[in-house]
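Have a look at the structure below, then the notes.
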Amino acid sequence: MKKTIFFLFTVVCTLAFAGCDDDDTTVESSLEIVSSDIGFEAAGGSGSILLMTSEASIKAVSNKSWLTIDSATPTTVSYTVAENTDALQRSAKITIAAGTASSEVTILQNGCRFELSSDPVTMDPAGETPSYIAFDTTLGSDPQISIPQDAAEWLSASVEEQQIKLTASLNYTKSRSTVITITQGWKPVEITVTQEVVDLLDTQALNLDREAQASTVSATKYMALFGDSWTVSSEDSWITLTEVMDGSFDVTVSENTTGKLRTGTVQVKSDAGEILSTVEVTQKIYSFEFFLGTWTMNYGSNQSVQVTLSEDPQDASVYLMTGLKYPIYLEYEDLGETAALSITCPQFIGIVSYTTSSNKGTAYLYLCPTTTSATSFNTATGIGYDCIYNLNETSQTLIPQPNAATSITINGLIFAGQDTSSGSWINFGNYHPLTSFTR
């Protein structure tokens, strides 16, 4: 509390002589304001006015409710100034009467100043570290903090030494947010408070291939903060759960022979039945292994050839196709809901020897796409076939599609060799038009 004191030396002493004879003499009352507290900050406080008077008693009256008179004696008037929660300065007057003499003292009080950042606050998702918001105010009382009812279960607040302390509980369900209101005097400040979620498990989703397999899921360090025992379960018959060790378990799925993508859920629950975390399990009807084996490549007019896809020993993500005149390579790409086998051209096969009715020699052999006819082909890079897997499990058909990266129309494959001496091209065998792969 800050206050300003002034000194006033004023003697009000008037002698009046009136009447018809010398015995009628009236002495006027005297009142002198010696000093007074006249200036206060918004926090308010106590003040006093020191007096000198010829009277044995005095009266003091305030003209504002926020300034109250505590006591009034011929020597001192004591009063109290309440907090000013308004932004503007205000004033009040104290009128002091001593007999026939009176005087007024004006008391001033500054308005409330409250400075607080309204920047958003992000809470620790583990609930271990509180957040602090510093503030500055001219009031002596603490700011009022309002937290919406739906957020009161996970967020609390207190005031500590010109700071607002926000504390959140462990968040293991989903991201959450609320808007709190902090008010000091006339000024409310709204602040957005958010808290992200921690993962109680190291895995929230398993995206599995067609084959039967097991995946291990472990609890994170945040599970210990939860402070309760937990169990895992699933209502999906194709999912089996096995505890591996304390804090981890295996999710085992059977082979997916349903002919369609399937999904399931593993739930982690507390002893009270609360769902703490879930693991979404997705299993496809295809995989890299699914395409291994023998297929029929259909082309021309009811022509076909048996081909076999095997894993390339040099690259586990590439298939080696045998059964054509020369082995070729196909790349596997998981597209999410389906998969693609890409035949990218031109594909260099190697240097081969050849003999024709008119010539013999060696040639650089390439796999190229045919275009307008069985012998017309294109050697531009990056074109070929994207063989998109058809999810129809009964037909198990791979349908060749023109590569979207080019505007060239392609309709088959050809082994084309370029003579190492003359540069002329020789047809080593074509598959035109290429229609489908079936199994």
Review point. Of all residues in segment 349-359 being at pLDDT 90 or above and of a type outside the set (A, V, I, L, M, F, W, C), which is surrounded by the most Cβ atoms within 10 Å (Cβ to Cβ)?
Key: Y354
**Study point:** Filter result for the condition that a residue is modelled with pLDDT under 95, surrounded by fewer than 17 Cβ atoms within 10 Å (Cβ to Cβ), acidic (D, E) and under 60 Å from the mean Cα position of the chain (by Cα), over D23, D70, D86
**Key:** D86
Point to revise | S62 being buried (at least 16 other Cβ atoms within 10 Å of the Cβ), among the polar types (S, T, N, Q) and at pLDDT below 95 | key: no
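Being more than 28 Å from Y332 (Cβ to Cβ), surrounded by 13 or more Cβ atoms within 10 Å (Cβ to Cβ) and either in contact (Cβ under 8 Å) with a residue 40 or more places away in the chain or outside the structural domain of D334 (by TED's automatic domain parsing) (or both) narrows it down to one residue among S270, S215; which is it?
Exactly one of S270, S215 is more than 28 Å from Y332 (Cβ to Cβ), surrounded by 13 or more Cβ atoms within 10 Å (Cβ to Cβ) and either in contact (Cβ under 8 Å) with a residue 40 or more places away in the chain or outside the structural domain of D334 (by TED's automatic domain parsing) (or both), namely S270.
Please determine whether any residue of segment 180-191 is within 30 Å of L155 (Cβ to Cβ) and outside any strand (DSSP E or B).
yes
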**Study point:** Breaking point among (1) in contact with a helix residue (DSSP H, G or I) (Cβ under 9 Å, 6 or more places away or on another chain); (2) outside the structural domain of V279 (by TED's automatic domain parsing); (3) modelled with pLDDT under 95, for E161
**Key:** (1)
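Here's a check for you: in segment 118-153, which residue that is among the hydrophobic types (A, V, I, L, M, F, W, C), free of Cβ contacts under 8 Å to residues at least 40 places away in the same chain and assigned to a loop (DSSP other than H, G, I, E, B) is nearest to V198 (Cα to Cα)?
Once the filter is applied, the top-ranked residue is A152.
Quick one: which strands (runs of 3 or more DSSP E) lie wholly within segment 65-117 and hold at least 1 residues that are within 30 Å of I145 (Cα to Cα) and of a type in the set (V, I, T)? Break it down stepwise before answering.
Values: elements: 67-72, 76-81, 90-98, 101-109, 114-116.
Answer list for segment 65-117: 67-72, 76-81.
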**Study point:** Residue count for segment 94-152, restricted to those that are among the polar types (S, T, N, Q), farther than 29 Å from A43 by Cβ and more than 33 Å from the chain's Cα centre (by Cα)
**Key:** 2
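Does S177 fit the bill of being loosely packed, with under 13 Cβ neighbours inside 10 Å, touching a strand residue (DSSP E or B) at 6+ places or on another chain (Cβ under 6 Å), assigned by TED's automatic domain parsing to the domain that holds V121 and of a type in the set (S, T, Y)?
Numbers: loosely packed, with under 13 Cβ neighbours inside 10 Å: no; touching a strand residue (DSSP E or B) at 6+ places or on another chain (Cβ under 6 Å): yes; assigned by TED's automatic domain parsing to the domain that holds V121: yes; of a type in the set (S, T, Y): yes.
Judged against the criteria, S177 is not a match.
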Revision key, fill the gap. Taking first residues from segment 74-91 that are farther than 14 Å from T137 by Cα and second residues anywhere that are assigned to a strand (DSSP E or B) and among the acidic types (D, E), the pairs with Cβ under 6 Å that are 6 or more apart or on different chains are S78/D70; Y79/D70; T80/D70
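Report yes if T220 is outside the structural domain of E41 (by TED's automatic domain parsing), β-branched (V, I, T) and modelled with pLDDT under 95, otherwise no. Lay out the reasoning, then the answer.
Values: outside the structural domain of E41 (by TED's automatic domain parsing): yes; β-branched (V, I, T): yes; modelled with pLDDT under 95: yes.
Yes.
Considering each of S169, S71, S103 in turn, give the residue that is out of contact with any Lys or Arg (no Cβ under 6 Å at 6 or more places or on another chain) and outside the structural domain of S29 (by TED's automatic domain parsing).
Numbers: S71 fails: outside the structural domain of S29 (by TED's automatic domain parsing); S103 fails: outside the structural domain of S29 (by TED's automatic domain parsing).
Answer to the check: S169.
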**Study point:** Which numbered condition L51 misses (of (1) of a type in the set (A, V, I, L, M); (2) touching a strand residue (DSSP E or B) at 6+ places or on another chain (Cβ under 6 Å); (3) modelled with pLDDT of 95 or more)
**Key:** (2)
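The values are calculated or read from the model by the stated rules, or taken from the named source; none is laboratory data. All figures in this text were calculated on a predicted structure; none of them were measured in a lab. Cβ sites come from the backbone with ideal geometry, for glycine too, and all protein chains shown count toward neighbours.
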